[in-house]
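*Asks:* Questions regarding the structure given below will be posed in turn.
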Amino acid sequence: MTKRDPAKKKEYDQQYCLQNQEAIRARHKAYYEANRDAIVVRQKAYYETNRENLLIQSRQYREEHRAELGIQEAIYREKNREALRITAKAYRRANPEKVKAKNAAYYQKNRDALRAKRKIYREANREERCIAAKRWQENNPDKYAAIHQRSEHRRRARLANVSGEYTQEQWYQILTRYGMACAKCGRSLTRRSATVDHFVPIVAGGPNCAENLQPLCKSCNSRKHTRIPTFEEQLAFIARRKALGLPAALIAEVL
Ligand SMILES: [Zn+2]
């Protein structure tokens, strides 16, 4: 064998590698361990300078090997389920904005499919969902009553074709400003016992917004029913709102 014959040299090298696999591997490992920091720095630098190409390559590879990678990933996920769950939870907690944006983008992109899927799910689980909703109602009577009342008001406003919308927070603020007491008789109220009264009734064109709401006890509310307040009552209402620091502008427009 002449030393300068490249083909022979290559063959010899291959043979050598095959025969000394273990030793070579051990030597590589030792080298890596001895020079770990330098290697990591070098790898990082290489990655930074070739980032675009590497990303393209890896995308290409993933596309070409999609099926095998899918199986590998499924096995990996199954094996590491608990650890992955914890990592994902920590990530969500640390990056709420990113997660929110990503979810919104995903929803936008797949809206129709997601809606169809949800509809199928709802129909298939109708009974369980009813039971769960009922249980929630039983465990959260105050919240349920408030939500129910608010949606009933929305419905009535829609039917009467009047404008406006109020939030739960706005209602609780009004209730607090009125000193947790009935606006008419002064009886003390809880969030549970207070009823939402539209000062100018919805059927009389009163808007369904915070400016038109006051707390009444149940008996005052049912006594008042849909009576339209007199002019004097309206002036008194506005004066009281202003004194309590609650807006009354919109209602003044209606009157
Ligand atoms: Zn009352």
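The values are calculated or read from the model by the stated rules, or taken from the named source; none is laboratory data. Every value quoted in this text rests on a predicted model; they were computed, and no experiment measured them. Ideal geometry is used to build each Cβ from the backbone, glycine not excepted, and the neighbour counts take in all protein chains shown.
*Asks:* Consider residue 233 carefully, then state whether it is within 16 Å of the ligand (Cβ to nearest atom), modelled with pLDDT under 90 and surrounded by fewer than 19 Cβ atoms within 10 Å (Cβ to Cβ).
*Replies:* yes
*Asks:* Consider the range 170-186. How many of its residues are in contact with a strand residue (DSSP E or B) (Cβ under 7 Å, 6 or more places away or on another chain) and within 12 Å of the ligand (Cβ to nearest atom)?
*Replies:* 5
*Asks:* I would also like to ask the following. Just a yes or no: is a residue in the range 156-163 in contact with a helix residue (DSSP H, G or I) (Cβ under 7 Å, 6 or more places away or on another chain), closer than 21 Å to residue 142 by Cβ and buried (at least 16 other Cβ atoms within 10 Å of the Cβ)?
*Replies:* Within the range 156-163, none of the residues are in contact with a helix residue (DSSP H, G or I) (Cβ under 7 Å, 6 or more places away or on another chain), closer than 21 Å to residue 142 by Cβ and buried (at least 16 other Cβ atoms within 10 Å of the Cβ).
*Asks:* Please find, among 159, 114, the residue that is in a helix (DSSP H, G or I) and within 22 Å of residue 203 (Cβ to Cβ).
*Replies:* Unique residue meeting the criteria: 159.
*Asks:* Also, I was wondering about something else. If the requirement is being hydroxyl-bearing (Ser, Thr, Tyr) and modelled with pLDDT of 90 or more, which of these qualifies: 16, 47, 12?
*Replies:* The match here is 47.
*Asks:* Among (1) buried (at least 16 other Cβ atoms within 10 Å of the Cβ); (2) more than 10 Å from the ligand (Cβ to nearest atom); (3) within 30 Å of residue 141 (Cβ to Cβ), there is one condition residue 189 misses while meeting the rest; what is its number?
*Replies:* (2)
*Asks:* Also, quick follow-up: Residues that are part of a helix (DSSP H, G or I), of a type in the set (Phe, Trp, Tyr) and either more than 15 Å from the ligand (Cβ to nearest atom) or under 18 Å from residue 162 (Cβ atoms) (or both): does the range 193-209 have at least one?
*Replies:* No, the range 193-209 contains no residue that is part of a helix (DSSP H, G or I), of a type in the set (Phe, Trp, Tyr) and either more than 15 Å from the ligand (Cβ to nearest atom) or under 18 Å from residue 162 (Cβ atoms) (or both).
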